[in-house]
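Nothing in this text is a laboratory measurement; each read-out follows from the coordinates by a stated rule. Computed from a predicted structure; not experimentally measured. Cβ atoms come from the backbone with ideal geometry, glycine included; neighbour counts cover every protein chain shown.
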């Protein structure tokens, strides 16, 4: 079974530029998550989708971050404009139904460096 | 108080050693608990769920104490391949919103 796919794997941009990340979850998984992992920290949830609806975006910096999952499958996360502190690994994860006990499967992540 | 706090690392142990990781969480309403493993520059992967009765998977034993809001992971007979960062994870509510600890790095030496 194919895992969670993400692209690109690496991205280097200058501050104030924009960037977009793409995620394709495991087939049949209704719930999709975007996490930010800063070096030396655990992943922090940015946004959770259930199908094409947002369940939780309380920790998403909405002045610069946006995300969508228009058809309830693939998702994109955008940062515009980027700041130095956005340098991190952006992880996408999916789970079957989004229940608390469900296993979340993570993609390989996109490593973003903002110069 | 942070939502999930873990032992500061790193832990450097010889092969064959037994090592224990501890974790505390602040939200008494949390219902689901996990240990994830993250290899260097890789994504986190579920190691095991943690149940109130305690559970074991081979050399790994997880314990939960709800009264103390404390979670532990014990690794017996450490292998070189156990070297990784171990993340304590707690759910925030009923929707699978997970809170990760900072992680504890384990290095198993020959």
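Take the Cα of residue A:84, step 7 Å toward its Cβ, do the same at residue A:41, and the gap between the two points is 1.6 nm. Across A:100, A:30, A:20, mean-square fluctuation computed from a Gaussian network of chain A (C-alpha pairs under 10 Å connected) peaks at A:100.
Between residue B:5 and residue A:22, what FRET efficiency comes out of the Förster formula 1/(1 + (r/R0)^6) with R0 = 25 Å and r the beta carbon distance, rounded to 0.05? Working shown, then result.
Numbers: r = 34 Å, r/R0 = 1.35.
With a Förster radius of 25 Å, E is 0.15.
Exposure proxy shown here: for B:71, A:12, A:26, the number of other Cβ atoms within 10 Å sets the order, fewest to most, as A:12, A:26, B:71.
The alpha carbon centroids of region B:6-83 and region A:64-115 are separated by 25 Å. Peptides A:103-110, B:82-89 ordered by packing proxy, namely the average of other Cβ atoms within 10 Å per residue, highest first: B:82-89, A:103-110.
Bridge orientation summary for the protein assembly as shown: considering DSSP beta bridges with both residues in this region, about 90 percent are antiparallel.
Arrange B:26, A:27, B:49 by Cβ neighbour counts within 10 Å, fewest through most, would you?
Fewest-to-most ranking of B:26, A:27, B:49: A:27, B:26, B:49.
Any chance you could run the full-extension gain for residue A:12 through residue A:68? It's 0.36 nm times the residue separation minus the Cα-Cα distance, nm to one decimal.
Values: separation 56, 0.36 × 56 = 20.16 nm, distance 2.23 nm.
Contour length minus Cα-Cα distance gives 17.9 nm.
Roughly how crowded by other chains is peptide B:41-54, in terms of the mean Cβ count from those chains within 10 Å of each of its Cβ atoms? Before the final figure, lay out each step's value.
On the way: counts 4, 3, 15, 10, 4, 4, 0, 0, 2, 0, 0, 0, 0, 0.
Rounded to a whole number, the mean comes out at 3.
For the residues of A:30-36, the average number of beta carbons from a partner chain within 10 Å of their own beta carbon is 1. Residue exposure proxy: B:74, A:70, B:47, A:77, ordered by other Cβ atoms within 10 angstrom of their Cβ from fewest to most, comes out as A:70, B:74, B:47, A:77. In the elastic network of chain A, a GNM with C-alpha springs shorter than 10 Å, the most mobile of A:66, A:75, A:58 is A:58.
Using C-alpha pairs under 8 Å with a sequence gap of at least 6, the mean separation divided by the residue count of chain B gives a relative contact order of 37 percent.
Over all residues in A:100-109, what is the mean tally of Cβ atoms on other chains that come within 10 Å of each residue's Cβ?
On the way: counts 13, 8, 5, 6, 8, 4, 7, 1, 3, 4.
Mean number of neighbouring Cβ atoms from other chains: 6.
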